[in-house]
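The values are calculated or read from the model by the stated rules, or taken from the named source; none is laboratory data. Since we're looking at a predicted model, the values are computed, not measured. Cβ: placed from backbone, ideal geometry, glycine included. Neighbour counts: every protein chain shown.
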Amino acid sequence: MIRSGQLISSIMFAIFTIGILSAQTQKEAVKIEGSSFCADESEDFQSARPPTNVVLDVLLKTPGAKDVSAELEKLDREEQRKLFRAVRVHLSETDPTDYLVVGSYPMSGADNDWFWLVRQTQNRAQVILDAGGNCLDLLRTRSSGYRDIRTVWSAASGLTITRIYHYDGNRYQLVHRYTKTVGLSQ
């Protein structure tokens, strides 16, 4: 027979455990659903993982990879995989697996990061955005059911270029490019 004190303790423990698990699930969902990704600053990229084989294969076929193919050929497959960090994101309500990937040298620019959005369906992957910038933002607005994308690149000179991409049903297309120059004070 369970005493009332033991019963209350058991109920309190169950409530505490459910609360902890719920908090962890909410924290994980926020992490996955991040809206702003900066390669060096984003908490999401600190815990990112190397891409899967199918995602790596498609990344190594991008124009950027072809431009640095001589350097990539010097690396074995695992060294190539370590050039990328991938986090899972949700771009639409229907696609279960989308990845935001950021590259590191030589799969990165001298003054910006290279980002790819990759859709993976079973054993196939497709790059649906290939863009450079300091940060990439998943916007709340949508085109063809997918979140719109903003990239921002800034230079020390005060030049900032913002690009907006919309999904066209197959991949993301550049729809707006804004340039702003802010003078440096002396």
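A few comments on the model shown:
- Breaking point among (1) over 25 Å from residue 67 (Cα atoms); (2) of a type in the set (A, V, I, L, M, F, W, C); (3) in contact with a strand residue (DSSP E or B) (Cβ under 7 Å, 6 or more places away or on another chain), for residue 164: (1)
- Taken together, 129, 174 contain a single residue that is at pLDDT 95 or above, within 15 Å of residue 62 (Cβ to Cβ) and of a type outside the set (Val, Ile, Thr), which is 129.
- Of the candidates 101, 152, the single residue that is closer than 24 Å to residue 53 by Cβ and surrounded by 13 or more Cβ atoms within 10 Å (Cβ to Cβ) is 101.
- Of the set (1) part of a strand (DSSP E or B); (2) of a type outside the set (A, V, I, L, M, F, W, C); (3) under 23 Å from residue 60 (Cα atoms), all apply to residue 105 but (1).
- Residue that is surrounded by the fewest Cβ atoms within 10 Å (Cβ to Cβ) [pool: residues in segment 64-97 that are charged (D, E, K, R) and in a strand (DSSP E or B)]: 88
- Residue match in segment 127-136 (condition: more than 18 Å from the chain's Cα centre (by Cα), closer than 28 Å to residue 105 by Cβ and in a strand (DSSP E or B)): no
- Cross-chain or 6+ apart pairs with Cβ under 6 Å, segment 60-88 first and touching a residue at least 24 places away in the same chain (Cβ under 8 Å) and within 12 Å of residue 104 (Cα to Cα), then part of a loop (DSSP other than H, G, I, E, B) and among the aliphatic types (A, V, I, L, M): 83/107; 85/48; 86/48
- Subset of segment 108-123 [more than 17 Å from residue 153 (Cβ to Cβ) and either of a type in the set (Gly, Ala, Ser) or modelled with pLDDT under 95 (or both)]: 119, 120, 121, 122, 123
- Residue 110 among the small types (Gly, Ala, Ser) and assigned to a strand (DSSP E or B): no
- Residue 121 vs. criteria among the hydroxyl-bearing types (Ser, Thr, Tyr), within 24 Å of residue 49 (Cβ to Cβ) and either without any contact (Cβ under 8 Å) to a residue 24 or more places away in the chain or crowded, with 19+ Cβ neighbours inside 10 Å (or both): no
- In segment 50-63, the qualifying residues are those that are touching a Phe, Trp or Tyr at 6+ places or on another chain (Cβ under 9 Å) and hydrophobic (A, V, I, L, M, F, W, C), and the one that is surrounded by the most Cβ atoms within 10 Å (Cβ to Cβ) is 59.
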